[in-house]
Amino acid sequence: MKARKSLTVLGLASALALTGCGGDAPAAEGLGAREGVDAEAGLGGAEAMAEFEQMYASAVENGQTTVNVYTPLTATWPAVFEGFQERFPEIQVEPLQIVGAELDTKVSQEQSSGQRIADVVITGDTGAVALADRDYFSEYRPFNAEELTGDPQFSLDAGTLTAVSASPRGFVYDTRQDVGSVPESWDDLLDPALKGKITMTDPATDGGGMQWADLVLNEDSLGEEYLEKLADQDVVIASNTAECHNAVVQGRAYVCLMGAMGNYLTLSGDGAPVEITYPVEGGNWATYWYAGVIDGAENADAAKLLTAWLNSPEANGIKAEAGHGPVTNAEDVDLEFENPADVPQLPRPDLADVTDRQKSSQPVIAGIFG
């Protein structure tokens, strides 16, 4: 919490949230209630709650009753967006499911034309950095995420991206198939019994496959030699993470080595015959998700409110149920899986270096996997 904050400001924040400060737009009538969650605890304490009240009041005072979110997480985060709306009932979240190159193109077109629809983008590291490098995001450093915005592993010097979750990855496998081995480590994937039975998202293009392959390529204990041995296992390349999971559910493959915890929880909850193992030896990996507030966004105040709230204790609890680990304010958050922060991880480059390193890794990875 910033030391410059005064009791006068905190008192004003509460008053604004209750009464507003004039203008034609309706004033916020205070925070909404969430069943079973105390507002003060859920938002991170009394000072944090007052800060959120002030941000909420400001957004509503400025007529910002909608926040448009572009993200690949629409299918797995409905409860997250619903939780935000319960806490801030006068602001409606409008998520658009959009991924990869399509996301990049749409944001670029909106910025070029000046007809901006998106208010905030939530996506993975390479996609977020690519947009940030073109100055498509405004500087915003949430008050409750200072340990992230000052860490080069999770932020850019320009202060335009905020880490909001870590999605653990593992091996999702078919419980109906008995191949005599359940992979629990990177070396286990090299078992001859798994030849032709492994699927993964394309490691030679942008996305989760490239992220993983780049981490392995630059890890001394694995490296290019390991990737070559894995390629010799006749790995089946899937077009995306969903297809990787579907191949296992449909019995076309035994294990998806790009298993995402959120997708696994959804599949297992729906009764799919799958389990997940979480490799620790040699280091695990997780997909980190970043939020960026669009430069010139029509609903910038609401976008900043959402971005800050995504790292609140109550938001961390909701995200955990969707298979996303917290990156800050994680105290007392119950997880059904190993928190990426608590297990060895494959070494990651600083966020600013992610794109350049993957570009240099791509020709090597493409040569290995064809």
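The values are calculated or read from the model by the stated rules, or taken from the named source; none is laboratory data. Computed from a prediction, not measured in an experiment: that's the story for all the values here. Cβ atoms come from the backbone with ideal geometry, glycine included; neighbour counts cover every protein chain shown. Quick note on the areas: whole protein, heavy atoms, side chains included, nothing else; ligands and nucleic acids left out. Shrake-Rupley method; radii C 1.70, N 1.55, O 1.52, S 1.80 Å.
Do we find that Gly127 is modelled with pLDDT under 95 and surrounded by fewer than 19 Cβ atoms within 10 Å (Cβ to Cβ) in this structure? No, not satisfied.
I'd like the full set of residues that are in contact with a strand residue (DSSP E or B) (Cβ under 6 Å, 6 or more places away or on another chain) and either closer than 24 Å to Trp289 by Cα or without any contact (Cβ under 8 Å) to a residue 60 or more places away in the chain (or both), limited to region 170-186. Across region 170-186, the qualifying residues are Gly170, Phe171, Val172. For Asn240, indicate whether it is of a type in the set (S, T, N, Q) and within 30 Å of Pro142 (Cβ to Cβ). Criteria not met by Asn240. From the list Val107, Val121, the one residue that fits, being among the aliphatic types (A, V, I, L, M) and either open to solvent by 10 Å² or more (accessible area, probe 1.4 Å) or more than 30 Å from Glu53 (Cβ to Cβ) (or both), is Val107. Checking each residue in region 252-274 for being farther than 29 Å from Pro349 by Cβ, open to solvent by 40 Å² or more (accessible area, probe 1.4 Å) and touching a residue at least 12 places away in the same chain (Cβ under 8 Å) picks out Arg252, Thr266.
Taking the criterion of being in contact with a strand residue (DSSP E or B) (Cβ under 7 Å, 6 or more places away or on another chain) and open to solvent by 50 Å² or more (accessible area, probe 1.4 Å), the only residue of region 187-201 that qualifies is Lys197. Of the helices (runs of 4 or more DSSP H) that lie entirely inside region 156-273, those containing 2 or more residues that are hydroxyl-bearing (Ser, Thr, Tyr) and out of contact with any helix residue (DSSP H, G or I) (no Cβ under 8 Å at 6 or more places or on another chain) span 261-269.
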